[in-house]
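The values are calculated or read from the model by the stated rules, or taken from the named source; none is laboratory data. Nothing here was measured: the structure is a model prediction, and the numbers come from that model. Neighbour counts run over all protein chains shown; Cβ positions are idealised from the backbone, glycine included.
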Amino acid sequence: MADTRGQAFTLEGVIGAMILLTAVLFALNSAVLLPSTGETGNQAQIEQEAKDVMEVAGQEDLSEIVRCYDPDNEEWFGDEDTEPETGLPGDTDLHTLINGTFADRDRSVNIEVVPADGTEGRIVYQGASTRDGVTVSRTVTLYEDDPLMEGSGCGSPQNGEEVTNDNYPVDEAEEGDPEHIYNVVEVRLTIR
């Protein structure tokens, strides 16, 4: 009688090795891990949270932030405890929303104002955006009878001082716009 058990064991070993190799290859292909794997989901979440902050702040609060300008020093008012371009005006809903949403996660915030002519003005600047930074924007209408806001908290108008070219970095809109609209600006919120 011929001994065929050696061939069976060899065949069994080859088939077992193929199954094991297939399982390992399948596992490696199904979960590609890169250094930035977790960033995409986190970035999408931060973008949605930033959009929500801008939506909740709304036209009125964003307009107040844009009008929180010191014409004497030609800069936007910052928080009392910070340099002008690094802190948000304290007595606003936007300040509360941003601090409650992003401050506990050590996220930096930049807020810019971009009028229709494309010139940019920084309200808050806490550093250059990084690769995983997120920028969202919202359009805000400024009216001619909107007063500039006063003080670091920007809670009250500056003695009835209306928005004009003489004391404000955002130029008046072109002719042909309705008389009561001063300008339409884009407010950009960058979270990094």
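Computed values, structure above
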{"quantity": "Identity of the residue in region 129-155, modelled with pLDDT of 80 or more and hydrophobic (A, V, I, L, M, F, W, C), that ends up surrounded by the most Cβ atoms within 10 Å (Cβ to Cβ)", "calculated": "140"}
{"quantity": "Some residue of region 63-86 being surrounded by 13 or more Cβ atoms within 10 Å (Cβ to Cβ), closer than 19 Å to residue 191 by Cα and modelled with pLDDT of 80 or more", "calculated": "yes"}
{"quantity": "Sole residue being part of a helix (DSSP H, G or I), at pLDDT below 75, exposed (fewer than 15 other Cβ atoms within 10 Å of the Cβ) and over 18 Å from the mean Cα position of the chain (by Cα), chosen from 6, 13, 38", "calculated": "38"}
{"quantity": "Failed item, numbered, when residue 177 is tested on (1) at pLDDT 75 or above; (2) over 29 Å from the mean Cα position of the chain (by Cα); (3) among the charged types (D, E, K, R)", "calculated": "(1)"}
{"quantity": "Given (1) of a type in the set (S, T, N, Q); (2) modelled with pLDDT of 90 or more; (3) exposed (fewer than 10 other Cβ atoms within 10 Å of the Cβ), number of the condition residue 48 does not satisfy", "calculated": "(3)"}
{"quantity": "Residue within region 106-127 that is more than 15 Å from residue 188 (Cα to Cα), touching a helix residue (DSSP H, G or I) at 6+ places or on another chain (Cβ under 7 Å) and modelled with pLDDT under 85 present", "calculated": "no"}
